[in-house]
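In what follows, a single structure is set out as structure tokens and then discussed.
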Amino acid sequence: NLDGSSVEDLVTGVADPRSIALDISGGKMYWVDNSADKIQRANLDGSSVEDLITTGLTTPVSIALDVLSDQILTVGTDGTVDVSGYFRDPDNDQLTYTAMSSDENIATVSTMGSVITISPVSSGSVTITVTGSDGQASVQQAFKVIATGKIYWTDRGRDKIQRADVDGSNIEDLVSRPTLMNPVDIALDISGGKMYWVDEHTDKIQRSNLDGSNVEDLITTGLDLPTGIALDHSAGKMYWTDRGTDKIQRADLDGSNIEDLITTGLATPSGIALDTVGGKMYWVDDGTNKIQRANIELVQGETTRTIEDLITTGLTTPVDLSLDHSAGKMYWTDRGTNKIQRANIELAQGETTRTIEDLVSVTDPRGIALDISGGKMYWVDNSADKIQRANLDGSSVEDLITTGLTTPVSIALDF
């Protein structure tokens, strides 16, 4: 195990093993034997040892593999792999390629020459096996595809956290009463396999596994109407707004080491988003009807963080926001104007105020999440009890979930 426990002997009788390399998808490990002048391989459990190269070597030391790498793809977005560089024919004959998916309910494959196209259709994991043939003999390589594509949301009327496939199908209840009383915002740690949320009724921050199991109380004291939550996975920190204490705070992902970040200048802070690369945190305040930001860390010589006003006019009751770092845009929902809007994060040259774009008119927009690579934005409509999406410019609005919801509040994507 990664903590050093449960040591297993895999292969014995190797004269002088040196470097090792793993082909996880193929289920093999490869190594060099420095004294026997060999390259060998076996299954990952040490079975089926094979000699691969036994002549022409003199004290081999290290080894590396050029194998097809695993892919992480988003449902609805195809991926392509040119496999020509991974197969060689000793006679330089032209090769033809075929590919097969272990589960076409998760991802389908097609070939055009040496290019393999993978089309994820639902969340899950599959193995893609590629065969190269010269008409007389063939060889195979395999790689794994992880297809992500779940929408997660909180429903304050039903006191539930739920999720569904990206097209709105396969709705699952993850966490419900009595664990939840008024779940407001949610954030996902996909690599850590966790989801985090704030509960305004119990004044708690909690987390669980992505399937809703193993619920943990992280922070249970000192909160008064926690509203928005955001995660910095790389630093192991969670950030939240509290509209009862009018604070922005952070802590380690396990709830320890709580810090006050912003304690003055706030009225009713709500949605929060992070730009960890730029070192900024952004939030909406529906008490002042502003979008603001501040440095995540204190600048040398400062004792308090300087708040910067970004949008100060044109807002009525902003609720949530999300950032498109690559395009330099911020998106937000406003349940007072019943709109989803966006503006540049930074002022354009010569501007003194940011130009606001109206994107979509919505009955009661609350949480918003962006799929930048897919060119989509997703939101919940608290009054119409819907989850919808559209292109990032507001065109092509689609209803994804229109039944079974009662005052949905927030939304998060695992892709």
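Quick note: the coordinates plus some simple rules give every number you see, no bench work behind them. Here the structure is a predicted model, which means the values were calculated and not measured. Here Cβ is always computed from backbone atoms with ideal geometry, including for glycine, and neighbour counts include all displayed protein chains.
Extension gain residue 353-residue 300, at 0.36 nm per residue separation less the Cα-Cα distance, in nm?
Here the segment from residue 353 to residue 300 would lengthen by 16.2 nm.
Work out the FRET efficiency for residue 111 and residue 8 from their Cβ-Cβ distance, taking R0 = 45 Å, and round it to the nearest 0.05.
Rounded to the nearest 0.05, the efficiency is 0.70.
What's the magnitude of the charge dipole for region 302-415 around its Cα centre, counting Lys and Arg as +1 and Asp and Glu as -1 at the beta-carbon? Answer in Debye, nearest 20.
The calculated dipole for region 302-415 is roughly 120 debye.
Zone of residue 346 (label point 7 Å along Cα→Cβ, backbone N under 11 Å): which residues in region 293-337?
Residues 328 fall inside that zone.
How many nm separate the modelled label positions at residue 260 and residue 221, each set 7 Å beyond the Cα in the direction of the Cβ?
1.7
Which length gain, in nm to one decimal place, applies between residue 280 and residue 93 when the Cα-Cα distance is subtracted from 0.36 nm times their residue separation?
That works out to 61.7 nm of additional length.
Give, in nm to one decimal, the length gained when the segment between residue 214 and residue 63 is fully stretched (0.36 nm per residue of separation minus the Cα-Cα distance).
50.3 nm
Under a point spin-label approximation (7 Å from Cα along Cα-to-Cβ), what is the residue 398-residue 104 distance to one decimal in nm?
The answer from the label model is 2.2 nm.
Take residue 80, project a point 7 Å from its Cα along the Cβ direction, then tell me which residues of region 102-133 have their backbone nitrogen under 17 Å from it.
Within reach of a label on residue 80, which here means backbone N under 17 Å from a point 7 Å along Cα→Cβ, region 102-133 contributes 108-120.
Would you kindly derive the ³J(HN,Hα) couplings of region 243-256 from the backbone phi angles with the Karplus curve 6.51 cos²θ - 1.76 cosθ + 1.60 (θ = phi - 60°), listing them in order in whole Hz, with x for Gly and Pro?
After applying 6.51 cos²θ - 1.76 cosθ + 1.60, I find 8, x, 8, 6, 9, 10, 10, 8, 7, 5, 5, 8, x, 7 Hz.
Label residue 232 and residue 173 with points 7 Å out from Cα along Cα→Cβ: what is the distance between them in nm?
3.8
Out of residues 5 or more away from residue 227 or on other chains, whose amide H comes under 5 Å of its own, with H placed 1.01 Å from N in the peptide plane?
Amide H to amide H, under 5 Å and 5 or more residues apart or across chains, residue 227 pairs with 241, 242, 243.
Would you please report the Å³ per residue occupied by the convex hull of the alpha carbon atoms in region 1-138?
Taking the convex hull of the Cα positions in region 1-138, it is 151 Å³ per residue.
Calculate the FRET efficiency for residue 16 and residue 134 from the Cβ-Cβ distance with a Förster distance of 35 Å, rounded to the nearest 0.05.
About 0.45, to the nearest 0.05.
Restricting to lysine pairs 8 or more places apart or on different chains, what number in region 164-308 have Cα atoms under 18 Å apart?
9
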